1. How big is the charge dipole of segment 6-127 about its Cα centre, in debye rounded to the nearest 20, if each Lys and Arg gets +1 on its Cβ and each Asp and Glu gets -1 on its Cβ?
2. Excluding ligands, DNA and RNA, what is the solvent-accessible area per residue of segment 35-75 at a probe of 1.4 Å, expressed in Å²?
3. If I model a spin label at Asp74 and Asp100 as a point 7 Å from the Cα along the Cα→Cβ vector, what separation in nanometres do I get?
4. Lys pairs in the chain, Cα-Cα under 28 Å, at least 8 apart or on separate chains: how many?
5. To check my understanding: the extent here is largest minus smallest coordinate of the Cα atoms along each principal axis. What are those three numbers for segment 61-127, in Å, largest first?
6. Can you compute the charge dipole magnitude of segment 55-122 about its Cα centre, using +1 on each Lys and Arg Cβ and -1 on each Asp and Glu Cβ, nothing else charged? Give it in debye, rounded to the nearest 20.
Amino acid sequence: RLARELADLMGGPADVVFEAAGAPGLIGQAISCVRPRGRNVSAGISAEAEANFHKAAIMKEVQIQYATAYSVADCELVVRQLRDPDCPLARLVSKTTSLDTFPEVFDELCHGAVQAKVIVDPWKAAE
């Protein structure tokens, strides 16, 4: 379902998918969202073994790249790119919320609200 919704939002499967949460099953989910011969960058570490994604990755010829850490400069670059309205990554951001309203947004997500990416902006005034 996520792969289909993301492809609809982006006009096709993503070239690159970043998985940074490390929750079980998310590498496989990221691979389902990337185009054939695309790239999955995984910075999350799951405490559980992840063995079920290899077949899908092989069939799509997905390049899987692991990263151990990001510098502050890396994070600043991503934030600048996401703030740029001309950046294709900006289309992934479906909502920006303040810390005050985050619990409500999180509850909505837990109950089925569909969002591509929610950014929590600690400096944003409450809505």
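1. I would put it at about 500 debye.
2. About 75 Å² of surface per residue is accessible.
3. Each label point lies 7 Å from its Cα, and together they span 3.4 nm.
4. 4
5. 38, 29, 26
6. 360 debye
The values are calculated or read from the model by the stated rules, or taken from the named source; none is laboratory data. This structure is a prediction, so every number in the text was calculated from the model and none was measured. All Cβ positions, glycine included, derive from the backbone under ideal geometry; neighbour counts span all protein chains shown. Ligands, DNA and RNA are stripped out before the accessible areas are found, and what is left, the full protein with its side chains, is counted by its heavy atoms. Shrake-Rupley method; radii C 1.70, N 1.55, O 1.52, S 1.80 Å.
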